[in-house]
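Written below as structure tokens is the structure these notes are about.
The values are calculated or read from the model by the stated rules, or taken from the named source; none is laboratory data. Owing to the predicted nature of the structure, the values given are computational and were not obtained by experimental measurement. Reconstructed Cβ throughout: ideal geometry from the backbone, glycine too, with neighbour counts over all protein chains shown. Only protein heavy atoms, including side chains, enter the accessible area calculation; ligands, DNA and RNA are left aside. Shrake-Rupley method; radii C 1.70, N 1.55, O 1.52, S 1.80 Å.
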Amino acid sequence: VKEAMREGFSFFGLKPYTEDMFPVFEKINDSLWRQLEQGVLTFDELVKHRWNLIFKELEIDFDGSKFEEYFREKLFYSAVPEDGAEDLLKYLSSKYTLCVASNGPYEQQMNRLRIGKMRDYFSYCFISSQIGAQKPGRQFFDHCFSILRENGFPELTPEEVIIIGDSISSDISGGIDYGMHTCLYQKNAIPEQSDSGADYVVNSLSEIKNIL
């Protein structure tokens, strides 16, 4: 995201990107995604409003819709692996069936997995835009479990599954409500989010090997 902002601001001749602009993106983007998770906003509405709201707060006079198109194209071809991600996937895939559970555009998410050379570690990819429901909603997880039960896991229960994610509102809350075990990946501890309710909280991906 930071690279897309830096390059995009330069490409369109906007004022130079500075690091203090990123928290503005995070605040507005996170708020919109929470609304999407709650079912009060569609993905099309999210992308329609996102950059207009960000530019308004940054006092940049530019067409947010035009920048959104550029931004999503950049993200489509962007894959910056998290430290330890591939090593963890190699370890987990030798012991468990791995599934992707993601909110977002299907083709973008799948392309980023392929670019990051991580697609082959996952047996199933559950993406909200294909399912027609978002995490943390039960409909999303109902679909996931239905597919898994039809494909070799007929008696699968939520208690046999752990969801690992970095979002308290979609991953952890959704997992808890559905009866799954939960693991919060919080690279940088956020004091006000210390009571996530997750079964496990890790600050590095390598710690997950001690759990699974």
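Observations
- Number of residues in region 2-15 that are open to solvent by 60 Å² or more (accessible area, probe 1.4 Å) and either closer than 21 Å to ASP30 by Cβ or not in a helix (DSSP H, G or I) (or both) equals 5.
- Tally, over region 199-210, of residues that are without any contact (Cβ under 8 Å) to a residue 40 or more places away in the chain and open to solvent by 20 Å² or more (accessible area, probe 1.4 Å): 6
- Scope region 138-157; condition open to solvent by less than 60 Å² (accessible area, probe 1.4 Å) and in contact with a Lys or Arg (Cβ under 8 Å, 6 or more places away or on another chain); matching residues: PHE141, LEU156
- Index of the failed condition, LEU75 passing every other in (1) more than 20 Å from ASP171 (Cβ to Cβ); (2) under 17 Å from the mean Cα position of the chain (by Cα); (3) among the hydrophobic types (A, V, I, L, M, F, W, C): (1)
- Counting only residues that are open to solvent by 50 Å² or more (accessible area, probe 1.4 Å) and of a type outside the set (A, V, I, L, M), region 158-196 holds 12 of them.
- Considering region 22-71, the residues that are out of contact with any His (no Cβ under 8 Å at 6 or more places or on another chain) and among the small types (Gly, Ala, Ser) include one that is least open to solvent (accessible area, probe 1.4 Å), namely SER31.
- Residues that are assigned to a loop (DSSP other than H, G, I, E, B) and more than 21 Å from the chain's Cα centre (by Cα) were ranked within region 36-62; the one that is farthest from PHE12 (Cα to Cα) is GLU59.
- Contact map, region 47-64: residues that are at pLDDT 95 or above paired with residues that are charged (D, E, K, R), Cβ distance under 6 Å, separation 6+ or inter-chain. Pairs shown: TRP51/GLU68.
- Put simply, of LYS135, LYS74 the only residue that is touching a residue at least 40 places away in the same chain (Cβ under 8 Å), open to solvent by less than 50 Å² (accessible area, probe 1.4 Å), within 26 Å of PHE25 (Cβ to Cβ) and basic (Lys, Arg) is LYS135.
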